[in-house]
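Let me begin by presenting the structure, written as C-alpha cells, before commenting on it.
Read the figures in this text as sums done on the coordinates, not as results from a lab. Here the structure is a predicted model, which means the values were calculated and not measured. Positions of Cβ are backbone-derived with ideal geometry, glycine not excepted, and every protein chain shown enters the neighbour counts.
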Amino acid sequence: MVRVSVPGKVHLVGEHAVVYGEPTILATVGKRIFINTRKGEKIRIDDEGEKLEWNIEEVKEFGEKVSEVWEKCKEKNDFSEVAKLAHGKNFAKAALGFLLNEFNIDEGLVLRIESDLPKGVGLGYSAALSVGLVKTVSEVFGLGLSLEKVNDLAYEIEKFVHGTPSGGDNSTCCFGGLIWFEKGNPPVIESLQKEVPYKLENFVLACIKEPEKNTGELVQMVRDLNPEFREPRIKAIGRASWEMRKALREKDFQKVKELINLAWKNLSELGLSVPEADEIIDKIVSIGGAAKLCGACGGGIMLAYHEDKERLKNLIRESGYEPWDVELGVEGVKMEV
C-alpha cells in the first residue's frame, strides 16, 4: 500500500494575472488530500464514499480522448468543452488514463481518496489531486520520478480542466512553502523561504459560497473580455505581486494589506466578485484589514488579514461565516507512513 499526501494552496496575490505571464505569490495551506493506493485488476476509486470503477482500456481511451479534445479547444482558444468533459468524477479518470498511456502501463489501481481540502473553492483541489495521482503512479509502479517531473506531468493533467493554466497551483502543491511563480517555457518557480523565513501569521481563510462557475469557465470569462479593458487590470495585479514580494521581505504588513486590497479591486473590476464577498470584504476593510477572494474567484475561499486576528475571526463569524485558522507554507507532496 502506498500513501501519498498533498497540500492545497492559496494565492496571496496574482491570481488570473498569472495566466497572462504576470508573477504570482502562492502559499501551501495546512489542509491536505490523502491517496492510498495498491495495484489491482481494474481502476477502482473510493473518493470519500463515492465508488467508481472502470476497465483499464476504458480509462486509457478516455485519457486519449480528453487529450485530443484539448488540442481541438486550443485551436479555437476556447477550453470550455474539455473542461466539461474532464469535470467532476471524470477528472481522476482522465488523469489516470493520461498517466497509464504516458508510461505504457496496463495494470490496474485501487485508490482511496480522503481529504480535508474542500473542492472547487480556490484552494487548488484539482492541482493537489493532479500532483498526488502522479506521485502515486510513480511510487506504485516504481517509476522513480523526480519532483520536477511529477510537477511537469501534473501540469499536463491540470490543462484538462483549466485549458491553459499557469502551472502555479500544481508547482506550489508539489514543492510546498511560499512560492514565486511566473508562467513561461520553462516557468520561473522560486522558493521564497530564504526571503521570508518567518511564519506568516494573522491570515484567516473563510469559504464565502460555492462558485457557480468552475475554474475553466471563470478563466474563459476573463479571456473573453475586451483586451483594452482587461490588460490594465492584469498589469496592475502583476505589479502588486512584485511589491508584495518586497513588502513580505521587509515585514511591511501595512503595505501587504494595501496590496491585497488593490489586487481585489482589480479582480472585482474583471467581474470576479459576488455580492456576498463584496459585503464581508467591505466590513473587513472598514476595520483596517484586507481581504480578497482566491484562485478563480466567483465565490469560494476568502483570504483575510488583520493584525488583531481574533477581532478578524469574530467579524467573520458575526457575518455568518466560519473562519479557518490554517497554517500557510506547509510541506508539499510527501509519502506518508
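Brief remarks on what is shown
- Counting neighbouring Cβ atoms within 10 Å and putting the fewest first, the residues Trp324, Trp264, Trp242 line up as Trp242, Trp324, Trp264.
- On full extension, the segment bounded by Lys65 and Leu200 gains 44.3 nm, given 0.36 nm per residue less the C-alpha separation.
- Rounded to the nearest 500, the 222 nm mean residue ellipticity of the chain from helices alone is -14500 deg cm²/dmol, with -39,500 (n - 2.57) taken per DSSP H run of at least 4 residues.
- Residues in segment 140-146 carry Karplus couplings, in order, of 5, 9, x, 7, x, 5, 6 Hz; the curve used is 6.51 cos²θ - 1.76 cosθ + 1.60 with θ = phi - 60°, and Gly or Pro positions show x.
- Given the chain, longest segment not containing exposed loop GluC sites (Glu not before Pro) (DSSP; at most 10 other Cβ within 10 Å): 49-211
- Between Lys84 and Lys209, the FRET efficiency estimated from the beta carbon spacing at R0 = 25 angstrom works out to 0.70.
- For the options Val219, Val59, Val188, a Gaussian network treatment of the chain with springs between C-alpha atoms closer than 10 Å singles out Val188 as fluctuating the most.
- Placing a pseudo-label 7 Å from each Cα along the Cα-to-Cβ vector at Lys72 and Glu107 gives an inter-label distance of 3.5 nm.
- Computed over the chain with a Gaussian network model linking Cα atoms closer than 10 Å, the most mobile of Gly168, Gly184, Gly14 is Gly184.
- Ranking of Tyr20, Tyr198, Tyr305 by count of other Cβ atoms within 10 Å, fewest first: Tyr198, Tyr20, Tyr305
- Long pairs among Lys51/Lys309; Lys209/Lys246; Lys39/Lys159; Lys84/Lys257, criterion Cα-Cα beyond 29 Å: Lys51/Lys309; Lys209/Lys246; Lys84/Lys257
- Sites matching trypsin sites (Lys or Arg not before Pro) across segment 161-220 that sit in DSSP coil, with at most 13 neighbouring C-beta atoms within 10 Å: Lys194, Lys199
- If the chain linking Glu48 and Asp325 were pulled fully straight, counting 0.36 nm for each residue of separation and taking away their Cα-Cα distance, it would gain 97.4 nm.
- Relative to the longest principal axis of the Cα atoms of the chain, the long axis of helix 90-102 makes an angle of roughly 60 degrees.
- Percent of Cα-Cα distances greater than 16 Å, calculated over segment 203-324: 61 percent
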